[in-house]
Amino acid sequence: MNENIRCDQSKCLYCGGCVPICPRDSITLKGTRIEIDDSCNRCLLCLRICPVGALEVLEAKA
Ligand code: SF4
Ligand code: SF4
């Protein structure tokens, strides 16, 4: 579980569009679940590609 990006599973269509766009290969589509690992560097490309706005930036921990 990463602390950068979260996928709202209630919005996600599992289209897989965000997977190849990630320059760090941080996103994996596993059946009906998007997983984002710690290699994410918050470039936010995935947020821009998602057609339904399912991906959200998490606030940095204090
Ligand atoms: S913010 Fe960038 S690095 Fe992180 S999961 Fe999205 S596309 Fe990949
Ligand atoms: S682009 Fe959006 S809707 Fe498609 S798999 Fe990724 S998070 Fe889900």
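When the stretch 28-43 is filtered for residues that are open to solvent by less than 60 Å² (accessible area, probe 1.4 Å), under 16 Å from residue 57 (Cα atoms) and outside any loop (DSSP other than H, G, I, E, B), the ones remaining, listed by number, are 34, 36.
For the condition acidic (Asp, Glu), within 11 Å of the chain's Cα centre (by Cα) and open to solvent by 80 Å² or more (accessible area, probe 1.4 Å), residue 25 qualifies. Just to be sure before I move on: is residue 32 polar (S, T, N, Q) and at pLDDT below 95 in the structure I sent? The answer is yes for residue 32. Only a single criterion out of (1) open to solvent by less than 70 Å² (accessible area, probe 1.4 Å); (2) more than 10 Å from ligand 2 (Cβ to nearest atom); (3) touching a Pro at 6+ places or on another chain (Cβ under 9 Å) is not satisfied by residue 17, namely (2). So, in the stretch 44-56, of the ones that are within 8 Å of ligand 1 (Cβ to nearest atom) and open to solvent by less than 60 Å² (accessible area, probe 1.4 Å), which residue ends up nearest to residue 8 (Cα to Cα)? Filtering the stretch 44-56 for residues that are within 8 Å of ligand 1 (Cβ to nearest atom) and open to solvent by less than 60 Å² (accessible area, probe 1.4 Å), the one nearest to residue 8 (Cα to Cα) comes out as 55.
The set of residues from the stretch 16-34 being closer than 12 Å to residue 55 by Cβ and either in contact with a helix residue (DSSP H, G or I) (Cβ under 7 Å, 6 or more places away or on another chain) or more than 6 Å from ligand 1 (Cβ to nearest atom) (or both) comprises 17, 18, 19, 21, 22, 27, 34.
The values are calculated or read from the model by the stated rules, or taken from the named source; none is laboratory data. Just so it is clear, the structure is predicted and the values come from calculations on it, not from any experiment. We place every Cβ from the backbone using ideal geometry, glycine too, and count neighbours over all the protein chains shown. In case anyone asks, the SASA skips ligands and DNA or RNA and just uses the protein heavy atoms, side chains included. Shrake-Rupley method; radii C 1.70, N 1.55, O 1.52, S 1.80 Å.
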